[in-house]
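Chemist: Got a structure for you, questions after.
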C-alpha cells in the first residue's frame, strides 16, 4: 500500500486485512464505532474502508461503518469531508450485498443531512438527485430513492419540491418498472419513509401524481 491507501489506525488496518476478525458482527461494529468517534483524525481511515474491498467481508465492514456514521453525532465538517466518498459508494453499488444500497441512501438523506448546513446540505440533496437520475445500477437508484424519502422528512419547501419533481421524472422515465411504480405510489399517496416533513410537501406530491398513470 502507498501513502494514499495505507490505514493509520490499528482498527482500520484490522478491518481491511483480517477477514476472520470481521466475521464477528460485534467486533466489526465496535471497531467502526471507535473510528467514527475519533473523527476527524480517522477520516482518512474511514475513506479507505468505504473505498477498498480487499476481502470477502468488505461489504459487511462498509455497512457497519455507514451504519455507525448514521447513528452517532457528526459535525458539518465531518459530513463535508466524507460526502464524496459516501456518494461514490451509492453511485457505484451494483448488488444487494450487505444492503449497502439502502444504508448509503439512509446516511445521505438522514444522518448526513441532519448534521449538515449551508452548502454541504445543498450538495447532499444535489448528489441524491444526480444519483437517482444517472446511476447505471438499479440498486444505486433504489438507494437514492430511499435517501430522498428520508430527506423529505427534513427538507424545506423549495428543496422538498425539487426532490418530488425528481421522483416525478423517475415515475415517468426510469427504465426499472419497480422504481417507476415506487415513485408513482409515493407521489399518489403523499406518503414516504417516516411520513414526516411539511404538510405542503405531502399535498404537492399528490398534486404531481394527478396527471400520471400507474405504469
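Where a number appears in this text, it was derived from the coordinates with a stated rule and is not lab data. Worth saying up front: this structure is predicted, and the values here are computed from it rather than measured. Cβ atoms come from the backbone with ideal geometry, glycine included; neighbour counts cover every protein chain shown.
Chemist: Compute the Rg/Rh shape ratio of the stretch 1-72: radius of gyration over Kirkwood radius, all on alpha-carbon atoms.
Modeler: 0.92
Chemist: Right, here's the next one. Could you give P(r) for the chain, binned at 5 Å from zero, as whole percent values over all Cα-Cα pairs?
Modeler: Per 5 Å bin, starting at zero, the Cα-Cα P(r) for the chain comes out as 1, 8, 16, 18, 18, 14, 10, 7, 5, 2, 1, 0 percent.
Chemist: Based on the alpha-carbon gyration tensor of the stretch 67-110 and its eigenvalue square roots a ≥ b ≥ c, which shape applies: rounded if a/c is under 1.5, prolate if not and a/b is larger than b/c, or oblate? Mind dumping the intermediate values first?
Modeler: Values: a/c = 2.86, a/b = 1.59, b/c = 1.80.
Cα axes put the stretch 67-110 in the oblate bin.
Chemist: Summing -39500 (n - 2.57) over the DSSP H runs of n ≥ 4 in the chain and dividing by its residue number, what mean residue ellipticity at 222 nm do you reach, to the nearest 500 deg cm²/dmol?
Modeler: Taken over the chain, the calculation gives -21000 deg cm²/dmol.
Chemist: If I model a spin label at residue 178 and residue 29 as a point 7 Å from the Cα along the Cα→Cβ vector, what separation in nanometres do I get?
Modeler: Here the modelled spin labels are 2.6 nm apart.
Chemist: Roughly how many whole Å is it from the C-alpha centroid of the stretch 165-215 to that of the stretch 32-66?
Modeler: The stretch 165-215 and the stretch 32-66 have Cα centres separated by 34 Å.
Chemist: For 204, 191, what's the fewest-to-most ordering of other Cβ within 10 Å of each Cβ? It would help to have the intermediate numbers written out before the result.
Modeler: Details: 204 18, 191 14.
By the 10 Å Cβ count, ascending: 191, 204.
Chemist: Compute the relative contact order of the chain as a whole-number percentage, counting only Cα pairs closer than 8 Å that sit 6 or more residues apart in sequence.
Modeler: Working: 309 pairs, mean separation 30.1, N = 215.
For the chain, the relative contact order is 14 percent.
Chemist: Could you list 17, 168 so that the one with the fewest beta carbons within 10 Å of its beta carbon is first and the one with the most is last?
Modeler: Ordered by Cβ neighbours within 10 Å, fewest first: 17, 168.
Chemist: How much FRET efficiency would the formula 1/(1 + (r/R0)^6) give for residue 85 and residue 206, where r is the Cβ-Cβ distance and R0 is 30 Å, rounded to 0.05?
Modeler: Result of the calculation: an efficiency of 0.25.
Chemist: Mind sorting 132, 102 by how few other Cβ atoms lie within 10 Å of their own Cβ, fewest first?
Modeler: Fewest-to-most ranking of 132, 102: 102, 132.
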